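Structure first, commentary second.
The values are calculated or read from the model by the stated rules, or taken from the named source; none is laboratory data. Bear in mind that the values here come from a model prediction, so they are computed numbers and not experimental data. Cβ placement follows ideal geometry from the backbone for every residue including glycine, while neighbour counts extend to all protein chains displayed.
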Amino acid sequence: MELNGVEVEDTYAEAFDMQVARILFTAVSQEWAKTAALSTAGFATSVIECKIEAGIDRIIPASETPDGRPGITLLFAALKTKNLVKQLRKRTGQCILTCPTTAVFNALEDATEWTDVGDQLRYFGDGFEDRKRVGEKFLMWRIPVIEGEFIIDEKFGIAKGVGGGNLILMGKSPEQTLKAAENAVAAIHKVDGCVAPFPGGICRSGSKVGANRHQFLKATTNTRLCPTLREQVPDSLVPKGVNSVLEIVLNGLNRQAVEAGMRAALHAATKSPGLVRASAVNFEGKLGQHKIHLKNLVD
């Protein structure tokens, strides 16, 4: 197949059921909301070691937030609910509670279960915390801090989502491949309910499950996709003329969101000069519950 003159391999991305949460936090300015978002999403690239994955979902204008201030939504994903809950509590307490002017709201409307993150963090108020109602819908906790007060929803929603959608981008040079990946990530940011959790939305390490030599490792470099190993690995997947490969991993509120993100990313990346091939990673259907075929994203 071809898209915008770029070869698209007839393969599929293998995605997984995950537990997801989405929170909205507001601040006095969009810059402070972004500061809190980047801090909270730090070290949340892969469940392999981080136990959770997180990324910026949407920039929310002040006209759409509960307290009339600019905000940002973050989407979190984990394989186990207990890991998701633990990380939500830790990251909210350490990265948002500490960030000047922020307030936190649940942003997952179709939750199937709830976790009392705000109800746990209220104890930071040392007995001086109290409840506050914002409008008719939001039951909040007011926690006194030296700046003033920190406002947080009592409960955050959790639902089943999808993670591990992916694209492999192969280009003539590192510069051209990176630009194609940047264009792909920019397109993903326009899709509601879909995020790319790696740094800047891009993964340069491209791991495989397990190891050939160091058996104590859960994941190691994907040797079949390393351009520098093309002549050393007999089953290399890197075609001649390709000197850089980047991966984009996508998580979403549901399969539809991940597919929409992959479609937008694929179309944006293939319009970039120097891209040679687009592909995806799978595990021959043995691990993930969702097969997202690239041929269905080309049209």
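Annotations for the structure displayed:
- Just so you know, in region 1-48 the residues that are touching a residue at least 40 places away in the same chain (Cβ under 8 Å) and of a type in the set (D, E) include one that is farthest from F283 (Cα to Cα), and it is E7.
- Hits in region 141-156 - residues which are surrounded by 15 or more Cβ atoms within 10 Å (Cβ to Cβ), farther than 14 Å from A107 by Cβ and hydrophobic (A, V, I, L, M, F, W, C): W141, I143, F150, I151
- Filter result for the condition that a residue is polar (S, T, N, Q) and over 19 Å from the mean Cα position of the chain (by Cα), over N296, N254, N282: N296
- When each of A186, A181, A196 is tested for being out of contact with any helix residue (DSSP H, G or I) (no Cβ under 6 Å at 6 or more places or on another chain), in contact (Cβ under 8 Å) with a residue 40 or more places away in the chain, in the same structural domain as Q256 (by TED's automatic domain parsing) and crowded, with 24+ Cβ neighbours inside 10 Å, the lone residue that passes is A181.
- Yes/no for S205 being closer than 24 Å to E7 by Cβ, of a type outside the set (A, V, I, L, M, F, W, C) and modelled with pLDDT under 95: yes
- Flag if W141 is outside the structural domain of I248 (by TED's automatic domain parsing), aromatic (F, W, Y) and assigned to a helix (DSSP H, G or I): no
- Test: R224 is in contact with a strand residue (DSSP E or B) (Cβ under 6 Å, 6 or more places away or on another chain), among the charged types (D, E, K, R) and under 20 Å from P174 (Cβ atoms): no
- Top-ranked residue of region 76-90 - restricted to ones that are outside any helix (DSSP H, G or I) and touching a Lys or Arg at 6+ places or on another chain (Cβ under 9 Å), ranked as surrounded by the most Cβ atoms within 10 Å (Cβ to Cβ): F76
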